[in-house]
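In what follows, a structure is listed as structure tokens, so that the remarks can point back to it.
The values are calculated or read from the model by the stated rules, or taken from the named source; none is laboratory data. None of these values were measured; they are calculated from a predicted model. Cβ: placed from backbone, ideal geometry, glycine included. Neighbour counts: every protein chain shown.
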2 protein chains.
Amino acid sequence: MKIVPRTKMRDQVAQQIKEYILTNQLAPGDRLPTESQLAESFGISRLSVREATKALEFLGIVESKTGVGLTVGRIDMDRIVEHLGFHSGLMDVDPEQLIDSRVILETGVLPYVAQRIANDPMIESGLRELIDRFRATRELKTWIALDIEFHRSLLEASGLQPIVAFGDLLHVFFRRFRDSVKQGGWKQGIESHARLVDLLAAGNVAKATIELRNHIESHKERMPPRSRRS
Amino acid sequence: MKIVPRTKMRDQVAQQIKEYILTNQLAPGDRLPTESQLAESFGISRLSVREATKALEFLGIVESKTGVGLTVGRIDMDRIVEHLGFHSGLMDVDPEQLIDSRVILETGVLPYVAQRIANDPMIESGLRELIDRFRATRELKTWIALDIEFHRSLLEASGLQPIVAFGDLLHVFFRRFRDSVKQGGWKQGIESHARLVDLLAAGNVAKATIELRNHIESHKERMPPRSRRS
DNA sequence: GAGGAGTGATTGTCAGATAATCTTACCGAT
DNA sequence: ATCGGTAAGATTATCTGACAATCACTCCTC
């Protein structure tokens, strides 16, 4: 009788590979042992090692190139977000929570954005250029793309990488509702964005916060037909 | 010369499996074709299918049970966070950005927390119980654990699932510096937490925000020995 | 009718082999 | 002597076939 590996073999292997990287202080690009060496050192077949490495490669933790070997992967948030986004159709997050979370992130960065605008005029001109492109467009499709880009640029303007990553993640969940948002305020949105940048450039963070919060929360009214929560 | 399969076989397979789930509108728990069936329908060997499914399983998109088959997986944010957290040792995020991001998340939820405290006394008592345990402990190790739990409970008290998930993610990045934080204010931290709950219970969000911001930012002074940025 | 043994289906793991691709070193031509 | 190409070695990519482990279900027995 064996208390056996409740955890599957490949998970253990994946864990060991990760620990190997950590204990040896490997940096992205560094080489890992070959599949055969790993298999031998772990005392398992090469196939199990492969399944583990393939899974890790899928996550971007390692990279494998034919004829070269395994290397430690570079961070690749996009890849994670892509796969996570797949779940957006499956997981039911309360739409209102998504909006509230967005409010927290975007209004939270405003003080930092205002400060960086004061020190670097390029940031303001970048945002204003986006608004000009807003006013030029007539197509709904491009308008949506610009809207996404604007809000992302806002987060980027804070210089806080983690927040930008969180924003990307949130956005993926939002895609699910994108259709229901389209009928909403259009020109209204443009002017709101413009006012926001004006207020930020003037250093009026308090009013900018109110402006942005109203802008985002205006989505609440026209988003959830109903939420089917258990 | 062939422009041919730039993308590796298993990535194509993984993509096709994901599309299969989408086009057939499968919900978590629904069964997928067997590995053999997938292999045959894709015209490849079962092993390649396996590598794809194993990778997807690693991400939590599918689940496989011996003797049963493949089923569509349920969302598992913890799993993603676990693997993402691994990158924290590799990617060098500016410690100051981590702190700023924390400030945004935790102060951002305070209005929601205050509102929920007003409606549900259980939330306040939960936080106060944590503080009591703070005062009872003498060990640094448990103190750190409690500190983590307190800040997580704060985010949870907002009822915003996405923000809690982001907080978990941030926390993983923080682990790297945990050692350097330990010498910092100890009793000081307890009292700060206590004051925070008092202010929230009184509905004074503005002062609570200031209290929390100061508390978190106090870490800045004793965190970064140096950052080796390229 | 209920419970247990058996059977089939499916995944888990292994071994071995061949193809594709990259690195490196060697060798020849200029 | 230097440059370029080619061949050999190394390593991953993929396939074939097989056997073990586990689970669901049926059927048989009591």
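Quick notes on this one:
- Filtered residues of the range B:1-36 (kept if in contact with a strand residue (DSSP E or B) (Cβ under 6 Å, 6 or more places away or on another chain) and at pLDDT below 80): B:Pro28
- Taking the range A:39-52 as the range and being in contact (Cβ under 8 Å) with a residue 24 or more places away in the chain and not in a loop (DSSP other than H, G, I, E, B) as the test, the residues that pass are A:Phe42, A:Ser48, A:Val49, A:Glu51, A:Ala52.
- Here A:Glu57 qualifies as touching a Gly at 6+ places or on another chain (Cβ under 8 Å), crowded, with 16+ Cβ neighbours inside 10 Å and assigned to a helix (DSSP H, G or I).
- For the range B:15-39, filtered to residues that are of a type in the set (A, V, I, L, M, F, W, C) and touching a helix residue (DSSP H, G or I) at 6+ places or on another chain (Cβ under 7 Å), the residue that is nearest to DNA strand D (Cβ to nearest atom) is B:Ala39.
- Residue count, the range B:53-102 (criterion: in contact with a Leu (Cβ under 8 Å, 6 or more places away or on another chain), closer than 27 Å to B:Leu212 by Cα, more than 7 Å from every other protein chain (Cβ to nearest Cβ) and at pLDDT 80 or above): 1
- Beta carbons closer than 6 Å, at least 6 apart along the sequence or on distinct chains, pair a first residue in the range A:16-32 that is surrounded by fewer than 15 Cβ atoms within 10 Å (Cβ to Cβ) with a second that is β-branched (Val, Ile, Thr) for A:Gly29/A:Thr71; A:Asp30/A:Val72; A:Arg31/A:Thr71.
- The set of residues in the range A:19-71 that are within 22 Å of B:Phe58 (Cα to Cα), more than 13 Å from DNA strand C (Cβ to nearest atom) and among the small types (Gly, Ala, Ser) contains only A:Gly60.
- Exactly one residue among B:Glu149, B:Glu106, B:Glu139, B:Glu124 is under 23 Å from A:Val109 (Cα atoms) and among the charged types (D, E, K, R), and that residue is B:Glu106.
- Note on the range A:133-155: among residues that are under 30 Å from B:His171 (Cα atoms) and crowded, with 19+ Cβ neighbours inside 10 Å, the one that is nearest to the other protein chains (Cβ to nearest Cβ) is A:Leu155.
- Check on B:Gly126, of a type outside the set (Phe, Trp, Tyr), touching a residue at least 24 places away in the same chain (Cβ under 8 Å) and not in a helix (DSSP H, G or I): no
- Scanning the range B:22-46 for residues that are among the hydrophobic types (A, V, I, L, M, F, W, C) and within 16 Å of B:Gly73 (Cα to Cα) yields B:Leu22, B:Leu26, B:Ala27, B:Leu32.
- The single condition among (1) more than 14 Å from chain B (Cβ to nearest Cβ); (2) over 14 Å from A:His215 (Cβ atoms); (3) at pLDDT 85 or above that A:Ser158 does not satisfy is (1).
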